[in-house]
Amino acid sequence: MTEDGITVTAKEAIGDRNNVYVLFDVTAENGKFEKGNGLYYFGKSDLDIDGANGGAIGGSLTGSEPDENGVMHFVKAVNIASGARIQGKTVTLKLGKLYREPANLDETIASATAEKDTSENVADGNGVTRNAATGNEITGSVAAGNGIIKSVTAGNGTMDDANTGNAESGIAPESYYTTISDAEWDLSFKLDYKDSTVNLGIEKDIVVDGDSYRLSDVLISPLGLSFRIGGEKIAEFREKANQGLPANPDGNNDVETKFIRLPIIITMEDGSKLDSSADENLLNEIVVSLDIDKPNPSLEMYYKHNSILDPSRIQSIAIGDNVLKIK
């Protein structure tokens, strides 16, 4: 699809039960994309799945820099709700407002911050305007949005650009990024990908922090790892949740929190390890699903790899102190 001289082309999709990565290329006429001058971003990137049961529950979009041929390669990651079936579904990728950040981003922000009048007011994102220097509330309205989602931390004048995650110290992103196009692109295509998920056929009792749980449905794919936890402790946790009671007197360290914090280590056949608590190759970004309405409730945990993994080269998977030998 071409708008404003910029063409967006969907290339392929890679997916499993819980994640889909949509790859698309962006090219432009008249040399609009300049290599070496910073990353390009879309201010809007929504993916609608037609008829998917459960639908998408979240996602992200990478920034990109043009390659030697002036082509940019973007990856749209989509997290899928448990039980959703999206293979073969038609999706619509909606993109909008293409802009470029400078290559020397930190220097640009530092310079802009140094020049900023510290008495300038900033909106805290909650309908309150505050003095950037003092944090005191000032009567007034929050500035209208302009297509770039921003949030400002009240009281310290720090602004976070939701597209980049960068703290902007009260400096609006518009003051340093370059808008390439205000156009919008809507691409519709089918997700005809092969589900790469492999069921390892593991079902056993495990012990975590002295409590017994039932481990099942251990699934691995090039994109992530998931497993299901059941047992009396999960049922007890479900019952307390239904009654609106804290799992423990202090409200902390409940079953859900326990497994979110549990270290997960994947050991490859060459000895390399992907550690959820130490290695960026296994993100400790987890989709947690608690089946509270079933007779035998369970907790489903999903971990997303930060790079493509070959499941056939996995030697073992450790869930806490429980080591599952794969080879």
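All of the numbers you see were taken from the coordinates with simple rules; none came from a lab. Computed from a predicted model, the values in this text were never measured in an experiment.
Under a 5 Å amide H cut-off, with hydrogens placed 1.01 Å from N, GLN315 pairs with THR267, MET268, GLU269 among residues at least 5 apart or on other chains. Checking the Cα-Cα distances for LYS11/LYS97; LYS32/LYS190; LYS11/LYS194; LYS35/LYS76; LYS35/LYS304 against a 24 Å cut-off, the pairs over it are LYS32/LYS190; LYS35/LYS304.
Using the Karplus relation 6.51 cos²θ - 1.76 cosθ + 1.60 with θ = phi - 60°, the per-residue 3J(HN,Hα) values for the range 4-9 come to 6, x, 10, 10, 10, 10 Hz, with x marking Gly and Pro.
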